C-alpha cells in the first residue's frame, strides 16, 4: 500500500502539519517519492505515526519519544517516569483546586494566602501591611503562617 501525506495523516488521526513536523524533528522518516514528486508512504510509516500519536496522547514529549526510539515496543522505564510526572502534576493541581476552593469559600483576596490572613482582616490592611504579609507568606512555611494568623 502507498498513501499520500494527507491520507497518512487521516489514517493515523492526526494533521498534515503534525506529519510534516515529525519529519522536521526526525521522528518520522521521509518516504520515497513517486515519479511526479509526491511522497509515497508505506505501512511502516503508518505504524510509526500511529505510535508517535499514541505516545503524545499519553503525554510524552517529542524528545521523550525520540529517546524511546522506533523499536522499543514496551518502554517500561519511560512509562514509569511519565507516570511519576503525571502523579506530581495531579498532586499540584489538587493543591491548587483546594486553594481556589478556600479562596472562593472565604472570599479572600488572591494576593494573600488564605491560611495566613483572615478575609475580614485583609480588608483593613494598609498597602505596607499587605506587602509584608506577601513577603512573609513566601518565607514562612504553612505551619508558621497558621500560628501567626491574624
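Give me the distance between the Cα centres of segment 128-147 and segment 1-47, rounded to whole Å.
One Cα centre to the other: 56 Å.
Hey, for a label at residue 105 modelled as a point 7 Å past Cα toward Cβ, could you say which residues of segment 119-134 have their backbone N under 20 Å away?
Only 119-123 pass the distance filter.
Take the Cα radius of gyration of the chain and divide it by 2.2 N^0.38 Å, with N its residue count; two decimals is plenty.
1.75
What's the FRET efficiency of residue 74 with residue 97 using the Cβ-Cβ distance as r and R₀ = 30 Å, to the nearest 0.05?
Once the sixth-power term is evaluated, E becomes 0.35.
For Cα pairs less than 8 Å apart in space and 6+ apart in sequence, what is the mean separation divided by the residue count of the chain, i.e. the relative contact order in percent?
15
If Rh is defined by the Kirkwood formula over all Cα pairs and Rg also comes from Cα, what ratio Rg/Rh do you get for segment 27-74?
Rg/Rh for segment 27-74 comes to 1.06.
With everything on Cα atoms, drop me the angle between helix 127-139 and the longest principal axis of the chain, reported from 0 to 90° to the nearest 10.
60
Given R₀ = 41 Å, FRET efficiency for residue 46-residue 125 by Cβ-Cβ distance, to 0.05?
0.05
What order do you get for 125, 1, 148 when you list them from fewest to most C-beta neighbours inside 10 Å?
Ordered from fewest to most neighbouring Cβ atoms within 10 Å, 125, 1, 148 come out as 1, 148, 125.
Taking Cα atoms, how many degrees apart are the long axis of helix 76-106 and the longest axis of the chain, rounded to 10 and kept between 0 and 90?
Result, in degrees: 40.
Coordinate-derived values only; no laboratory data. Since this is a predicted model, take the numbers as computed values, not measurements. Backbone-built Cβ (ideal geometry, glycine too); neighbour counts: all protein chains shown.
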